[in-house]
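Inspection log for the structure reproduced underneath, given as structure tokens.
The values are calculated or read from the model by the stated rules, or taken from the named source; none is laboratory data. Bear in mind the structure is a predicted one, so any value in this text is a computation, not a measurement. All Cβ positions, glycine included, derive from the backbone under ideal geometry; neighbour counts span all protein chains shown. For the accessible areas, the whole protein counts, side chains as well, though only heavy atoms, and no ligand, DNA or RNA atoms are used. Shrake-Rupley method; radii C 1.70, N 1.55, O 1.52, S 1.80 Å.
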Amino acid sequence: PKKPSVAQEFAKALHINTQRKDGYLESAEAIVTWCVGHLVTMSYPEEYDPALKRWSLETLPFIPQEFKYEVIPAVSKQFRIVSGLLNRTDVDTIYADRLGTEGEYIYRLVEQQAGVKGKNRRRVWIDSQTEEEILRGIKEAKDLKEYDNGSIGYLRAKEDYL
């Protein structure tokens, strides 16, 4: 989910008795966490070359061969929490619920930066945060691989960056 209150709605809909931890909710059956805003962003040009810190017409256009990403310092604590949860050995399935291209992009950047491997990844699409809709979305969640082709969020971010 996007924020703690939405995570609480998911826990409530699942009828799981969670304990509030630092940055997530946990029960014997599930863990629910959140990515408030962006946790990972594209690196500034000076991360590629310190000479690019100061903008100049001589260095434009700047088109990286491979884009770099980094954790946003102000939210690094929540990133570490989410990353640790995504990589826990007792977590075998991840349900991502961020709707739309922006939410999809946010989740994928976190997963990429966290180095998540070998997990069953499911995409939850919901139209509201009602119990019925949350349960439907989880029941009908599709493999995240079905959304791998041409991630619009990545393309839009790269276009904006350039």
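Largest GNM mean-square fluctuation among Thr59, Thr93, Thr18, using the chain with Cα springs under 10 Å: Thr59. Rounding to the nearest 10 and keeping the result within 0 to 90°, find how far the Cα-based axis of helix 100-114 lies from the longest principal axis of the chain. Orientation of helix 100-114: about 80 degrees from the principal axis.
If R₀ is 25 angstrom, what is the calculated FRET efficiency for the pair Lys12 and Asn87, using the beta carbon separation as r and rounding to 0.05?
On the way: r = 26 Å, r/R0 = 1.05.
Working from the Cβ atoms, E equals 0.45.
Net charge near Ser27, counting Lys/Arg +1 and Asp/Glu -1 over other residues with Cβ under 12 Å of its Cβ? Here the count lands on +1.
Once backbone amide H atoms are built at 1.01 Å from N, Arg122 has Ile94, Tyr95, Ala96, Leu144 as its partners under 5 Å, excluding neighbours fewer than 5 places away on the same chain. In this structure, the amide hydrogen of Tyr69, modeled 1.01 Å from its nitrogen in the peptide plane, lies closer than 5 angstrom to those of Ser43, counting only residues at least 5 positions away or on a different chain. Rounded to whole Hz and in sequence order, give me ³J(HN,Hα) for the stretch 59-74 from the Karplus expression 6.51 cos²θ - 1.76 cosθ + 1.60, θ = phi - 60°, writing x for Gly and Pro. Coupling constants for the stretch 59-74: 9, 9, x, 9, 10, x, 5, 9, 7, 9, 10, 8, 6, 6, x, 5 Hz. Converting phi to 3J(HN,Hα) with the Karplus coefficients 6.51, -1.76 and 1.60 and the offset θ = phi - 60°, the stretch 42-53 yields 6, 6, 6, x, 5, 6, 7, 7, x, 5, 8, 4 Hz in sequence order, with x at every glycine or proline. Report the net charge of residues surrounding Glu131, where surrounding means a beta-carbon distance below 11 angstrom and charges are Lys +1, Arg +1, Asp -1, Glu -1. That sum, taken over residues with Cβ under 11 Å, equals -1. Under the convention that each Lys and Arg Cβ holds +1 and each Asp and Glu Cβ holds -1, the size of the dipole of the stretch 60-162 around its Cα centre is about 400 debye.
How would you rank 39-46, 61-68, 85-92, highest first, on the average number of other Cβ atoms within 10 Å across their residues?
Details: 39-46: 17.2, 61-68: 9.4, 85-92: 12.5.
My ranking of the peptides, most packed first, is 39-46, 85-92, 61-68.
The list (i) 17.2; (ii) 15.3; (iii) 15.9 gives values of Kirkwood radius over Cα pairs in Å, and only one came from this structure; which label was calculated from it? The listed entry that was calculated here is (i). What is the angle, in °, between the Cα long axis of helix 4-14 and the longest principal axis of the Cα atoms in the chain? Nearest 10 is fine, range 0 to 90. Approximately 40 degrees, to the nearest 10. For the chain, lysine pairs separated by 8 or more sequence positions, or belonging to different chains, with Cα-Cα distances below 18 Å total 16. Simple spin-label estimate for Leu155 and Ile138 gives 3.3 nm between the two label positions (7 Å along the Cα-to-Cβ direction from each Cα). One chain, two ends: Tyr69 and Asn120. Fully extended at 0.36 nm per residue, the span grows by 16.0 nm beyond their Cα-Cα distance. Mean separation of Cα pairs under 8 Å and 6 or more residues apart, divided by the residue count, gives the stretch 26-162 a relative contact order of 23 percent.
Principal-axis analysis of the Cα atoms of the chain puts helix 152-161 at an angle of about 30° to the longest axis.
Counting only heavy atoms of protein chains, what accessible area per residue, in Å², does the stretch 50-162 have with a probe of 1.4 Å?
Details: 7380 Å² over 113 residues.
Computed with neighbouring chains in place, this is 65 Å² per residue.
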